[in-house]
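The values are calculated or read from the model by the stated rules, or taken from the named source; none is laboratory data. Keep in mind that this is a model prediction, so the values were computed, not measured. Quick reminder, even Gly has a Cβ in these numbers, built from the backbone with ideal geometry, and neighbours come from all protein chains shown.
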Amino acid sequence: MLERSLVLLKPDCVERRLMGSIISRFENKGLNIVAMKMLRVTPDLAKQHYAEHVEKPFYPSLEEFITSAPIVAMAVEGLDVIRLIRDMLGATNGLTAAPGTIRGDYSSSRQMNLVHASDSPESAKRELELYFTADEICDHELRLTPSLRAADEE
C-alpha cells in the first residue's frame, strides 16, 4: 500500500553534514520525497510533535536538543514506507542499531540518533500536518516508478 511518512533529519544530522548521505539512502531505495524544507523547531512545535513525552522526565533535554539547530523535514512516499523507513533507520540507540542501518552506520547515541520517522499511519498523518500544509506537498508519479515496482503493487 502506498503510504507517506514524516522524516526529520535532526540537528545532529544537519550539524554533522550527513543530510545528503541519508537522503540518498531513501532515494536509492526508490522512495519518493514529495516535500522537503529546512526549519528551526520552536519549543511550541516540539511540544506538539512530542506531546506524548511532554510530562516525562527526559522531555526538557529532548526539547533542548530538537530546538538547538535547524532540521530538515521531509514527506516521503512509497510502498509500506512507514515500516520500510523505520527498518532502514535501525534501533533507536545508535550503539545497538545493526550495521547497515542509518543509525548503525552513523550514530552512537540514543537521543542524538540523526533521524525521526513516523511510527504508524496515524502518527504520520498528524506529524505531516504539523510540518507541511497541503499546498507544500508535491504529488507526482516519478517517470521511473515502473522500473521500481510492478503496476499491481499500488
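Give the number of residues within segment 49-67 that are outside any loop (DSSP other than H, G, I, E, B), within 23 Å of GLU15 (Cβ to Cβ) and either in contact with a Gly (Cβ under 6 Å, 6 or more places away or on another chain) or not hydroxyl-bearing (Ser, Thr, Tyr) (or both).
Here is the first cut: in segment 49-67, the ones outside any loop (DSSP other than H, G, I, E, B) are 49, 51-53, 59-66.
Retained after the next criterion (residues that are within 23 Å of GLU15 (Cβ to Cβ)): 49, 53, 59-66.
Within this subset, residues satisfying the condition of being either in contact with a Gly (Cβ under 6 Å, 6 or more places away or on another chain) or not hydroxyl-bearing (Ser, Thr, Tyr) (or both) are 49, 53, 60, 62-66.
Of the residues in that region, 8 qualify.
Of all residues in segment 68-118, which are free of Cβ contacts under 8 Å to residues at least 40 places away in the same chain and in a helix (DSSP H, G or I)?
Of everything in segment 68-118, those that are free of Cβ contacts under 8 Å to residues at least 40 places away in the same chain and in a helix (DSSP H, G or I) turn out to be ARG83, ARG86, ASP87, LEU89, ARG103, GLY104, ASP105.
For GLY30, all conditions in the list (1) of a type in the set (Gly, Ala, Ser); (2) on the phi < 0 side of the Ramachandran plot; (3) in contact with a strand residue (DSSP E or B) (Cβ under 8 Å, 6 or more places away or on another chain) hold save one; what is the number of the exception?
Result: GLY30 fails condition (2) only.
Go through VAL81, VAL76, VAL34 for me and flag whichever is in contact with a Cys (Cβ under 9 Å, 6 or more places away or on another chain) and surrounded by 14 or more Cβ atoms within 10 Å (Cβ to Cβ). Let's see the steps before the verdict.
Details: VAL81 fails: in contact with a Cys (Cβ under 9 Å, 6 or more places away or on another chain); VAL76 fails: in contact with a Cys (Cβ under 9 Å, 6 or more places away or on another chain).
VAL34 is the lone residue from the list that is in contact with a Cys (Cβ under 9 Å, 6 or more places away or on another chain) and surrounded by 14 or more Cβ atoms within 10 Å (Cβ to Cβ).
Which one is farthest from GLU77 (Cα to Cα), of the residues in segment 1-49 that are in contact with a helix residue (DSSP H, G or I) (Cβ under 7 Å, 6 or more places away or on another chain) and among the polar types (S, T, N, Q)?
In this case the residue turns out to be GLN48.
Checking the condition surrounded by 17 or more Cβ atoms within 10 Å (Cβ to Cβ), in contact with a Pro (Cβ under 9 Å, 6 or more places away or on another chain) and within 29 Å of LEU148 (Cβ to Cβ), which residue from VAL41, VAL14 passes? Walk me through how you get there before you give the answer.
Working: VAL41 fails: within 29 Å of LEU148 (Cβ to Cβ).
Going through VAL41, VAL14 in turn, just one is surrounded by 17 or more Cβ atoms within 10 Å (Cβ to Cβ), in contact with a Pro (Cβ under 9 Å, 6 or more places away or on another chain) and within 29 Å of LEU148 (Cβ to Cβ): VAL14.
Just to be sure, is THR133 loosely packed, with under 14 Cβ neighbours inside 10 Å, under 25 Å from GLU3 (Cα atoms), free of Cβ contacts under 8 Å to residues at least 24 places away in the same chain and out of contact with any Pro (no Cβ under 7 Å at 6 or more places or on another chain)? Explain how you work it out, then say what you get.
Working: loosely packed, with under 14 Cβ neighbours inside 10 Å: yes; under 25 Å from GLU3 (Cα atoms): yes; free of Cβ contacts under 8 Å to residues at least 24 places away in the same chain: yes; out of contact with any Pro (no Cβ under 7 Å at 6 or more places or on another chain): yes.
So THR133 passes the test.
Can you spot a residue in segment 91-106 that is exposed (fewer than 15 other Cβ atoms within 10 Å of the Cβ) and acidic (Asp, Glu)?
no
Show the residue pairs that are 6+ apart or on different chains and have beta-carbon atoms under 6 Å apart, the first residue being within segment 7-32 and without any contact (Cβ under 8 Å) to a residue 12 or more places away in the chain, the second being in a helix (DSSP H, G or I) and surrounded by fewer than 21 Cβ atoms within 10 Å (Cβ to Cβ).
Close Cβ pairs (under 6 Å, with a partner that is in a helix (DSSP H, G or I) and surrounded by fewer than 21 Cβ atoms within 10 Å (Cβ to Cβ)) do not exist here.
Would it be correct to say that TYR131 is hydroxyl-bearing (Ser, Thr, Tyr), within 21 Å of MET19 (Cα to Cα) and touching a Leu at 6+ places or on another chain (Cβ under 7 Å)?
Criteria met by TYR131.
Residues of segment 135-154 being outside any loop (DSSP other than H, G, I, E, B) and either closer than 19 Å to LYS29 by Cα or at pLDDT below 95 (or both), which ones? Working first, answer last.
Residues of segment 135-154 that are outside any loop (DSSP other than H, G, I, E, B), as a first pass: 135-136, 145-148, 151-153.
Within segment 135-154, THR145, PRO146, SER147, LEU148, ALA151, ASP152, GLU153 qualify.
Does segment 138-152 contain at least one residue that is surrounded by 14 or more Cβ atoms within 10 Å (Cβ to Cβ) and within 14 Å of the chain's Cα centre (by Cα)?
No; the residues of segment 138-152 include none that is surrounded by 14 or more Cβ atoms within 10 Å (Cβ to Cβ) and within 14 Å of the chain's Cα centre (by Cα).
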